[in-house]
Structure formats: structure tokens, C-alpha cells
């Protein structure tokens with residue numbers, strides 16, 4: 001006995017809309033899941049072909065199908081998969097970027113060069129959060145900053161480049177003669 005599932009036009013339209021939003025957000029997991037569901041439920045592509053094409057197990061496809069049939073479009077929302085909550089909120093991270101770009105002299109430091117220790121102290125003073133010095137470098141990278149070699153260690157012109165940074169590389173502390181710059185978000 002073969003059962004064929006047919007979706008309404010509205011549901012198919014919602015699936016395609018979700019697929020477009022997933023592409024816009026660059027959400028690879030949701031693009032894959034939505035595309036598989038469209039192929040499986042709308043275009044009637046076999047499970048074996050989809051497993052081969054996407055490198056998924058049949059159980060995974062059947063679980064996605066079952067979830068979609070039971071909860072509809074709501075099944076396409078991925079929940080937080082665990083992990084520690086960030087210590088700084090997005091608003092606090094944005095404020096940190098503004099403070100770093102303003103320069104160490106503006107925030108009350110006695111030097112014109114940022115160090116990971118100074119940024120660590122800044123984060124503690126402004127937000128009450130204490131980070132490891134090595135993690136400060138990772139945090140800066142995640143905020144779009146990078147360390148580049150340069151002859152000077154001076155303040156920012158305020159045009160997208162942050163002031164210089166004195167003190168290893170992203171894994172540790174910065175060395176003198178390097179500058180901290182921020183990549184403009186696209």
C-alpha cells in the first residue's frame with residue numbers, strides 16, 4: 001500500500017518563502033532541511049535519492065518529514081543547541097566596539113595603544129565581566145577586529161580603523177608595532 005502526501009498551495013508557498021529567508025540569512029542547516037522537504041513532499045523524490053544527494057540517513061529524512069507533518073512550518077525552526085550563554089549581550093558588544101574605536105585615551109587610559117590587558121580591564125570596568133587575556137583576542141576577532149603589522153601605535157582617525165594595539169597574535173597578546181583594525185561588516 002502506497003500513501004501519497006500532497007501539500008496545499010499555501011503550504012508549498014510557505015516552504016519556498018522559508019527557503020528564501022534561509023538563503024538570505026545564510027542558514028545552511030535550514031536551507032538543506034527545507035530543500036529536502038520540498039523535494040520529498042512536493043516533487044516526490046525518493047528517500048534513497050535524497051539520502052545519496054545530501055549524505056543523510058533515511059531515519060533523518062523520515063524524522064524531518066514526521067516533524068513537518070505534525071507541526072507544519074513550525075518544525076523548521078531550530079532551537080538553541082546548547083552551549084554557554086555569552087557573557088556580553090549583543091548591545092554590550094556593540095558598545096564595546098564603539099569604545100575600542102574611540103580609542104584608549106578617550107576611555108581614560110594613559111596610553112594611545114590598546115593591549116589585550118587594557119581591553120580586558122575596559123570590559124571589566126564597563127560591563128562587570130572578566131575575560132581571560134587570550135580570550136580577549138578571540139572576542140576581538142569575533143567582533144570583526146584583526147591585528148595587522150604597522151610601524152605606528154597611534155589613535156584612530158575615526159574612519160573604521162581602531163587605534164593601535166601594543167602587546168602576540170590572536171592567540172595571545174599583541175606585540176608592539178601592530179595595529180588593531182576592524183573589518184567593516186557587509
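The values are calculated or read from the model by the stated rules, or taken from the named source; none is laboratory data. Note that this is a predicted model, so its numbers are computed, not measured. Using ideal geometry, Cβ is built from the backbone for each residue, glycine included, and neighbour counts are taken over all protein chains shown.
Below, the figures for the structure above:
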item	result
Test: residue in the stretch 1-11 that is more than 30 Å from residue 180 (Cα to Cα), surrounded by 11 or more Cβ atoms within 10 Å (Cβ to Cβ) and modelled with pLDDT of 90 or more	yes
The stretch 96-114 - residue that is within 22 Å of residue 86 (Cα to Cα) and in contact with a helix residue (DSSP H, G or I) (Cβ under 9 Å, 6 or more places away or on another chain) and, of those, surrounded by the fewest Cβ atoms within 10 Å (Cβ to Cβ)	99
Residues that are at pLDDT 90 or above and either in a loop (DSSP other than H, G, I, E, B) or farther than 30 Å from residue 34 by Cβ (or both), drawn from the stretch 71-92	87, 88, 89, 91, 92
Any hit, the stretch 101-114, residues being out of contact with any strand residue (DSSP E or B) (no Cβ under 8 Å at 6 or more places or on another chain), assigned to a helix (DSSP H, G or I) and not assigned by TED's automatic domain parsing to the domain that holds residue 20	yes
Top-ranked residue of the stretch 19-70 - restricted to ones that are over 21 Å from the mean Cα position of the chain (by Cα) and not in a helix (DSSP H, G or I), ranked as farthest from residue 7 (Cα to Cα)	55
